[in-house]
Amino acid sequence: MQKIIDAEKSDLFDVLAHVAYALPPVTRAERVLGARGDISSNFSRKQQAFLDFALSHYIAVGVEELEQDKLTPLLRLKYRNSIADAVADLGKAEDIGRMFVGFQKYLYQHHVTL
């Protein structure tokens, strides 16, 4: 369906909004751009650096890069396989998990207009 409506760089959420409500599809890059302000005002610089890294993967690959089971592989990639360095930068493991899940609300909160 994404190919049919020329929305391969959009989330399925946007494809369905287009089909159901004739809303123009929002690309993942546009979605990230719209969330930048909230992310920068709610997270530390080190957290933002990691989230920017995760978001670059989201833009390139898709929403599956934001699934909880992708957190550890993303941390390993960003911190060159050193979870200890990630914890030193970002805080305790449970805090990192909350940050990773929590920031995602900013991707979708400003783009839904019916």
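The values are calculated or read from the model by the stated rules, or taken from the named source; none is laboratory data. Treat the numbers as computed from the prediction; the structure is a model and nothing was measured. Glycine also receives a Cβ, built like all others from the backbone with ideal geometry; neighbour counts cover every protein chain displayed. Remember, those area values only see protein heavy atoms, side chains included, never the ligands or the DNA or RNA. Shrake-Rupley method; radii C 1.70, N 1.55, O 1.52, S 1.80 Å.
At-a-glance table
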read-out	value
Subset of the range 12-33 (residues that are touching a helix residue (DSSP H, G or I) at 6+ places or on another chain (Cβ under 9 Å) and either over 16 Å from S56 (Cβ atoms) or surrounded by fewer than 15 Cβ atoms within 10 Å (Cβ to Cβ) (or both))	L12, F13, D14, L23, P24, P25, V26
Any hit, the range 68-79, residues being in a helix (DSSP H, G or I) and within 13 Å of V32 (Cβ to Cβ)	no
Residues located in the range 102-114, provided they are open to solvent by 80 Å² or more (accessible area, probe 1.4 Å) and assigned to a helix (DSSP H, G or I)	K105
The one condition in (1) part of a helix (DSSP H, G or I); (2) more than 11 Å from the chain's Cα centre (by Cα) that E64 fails to fulfil	(2)
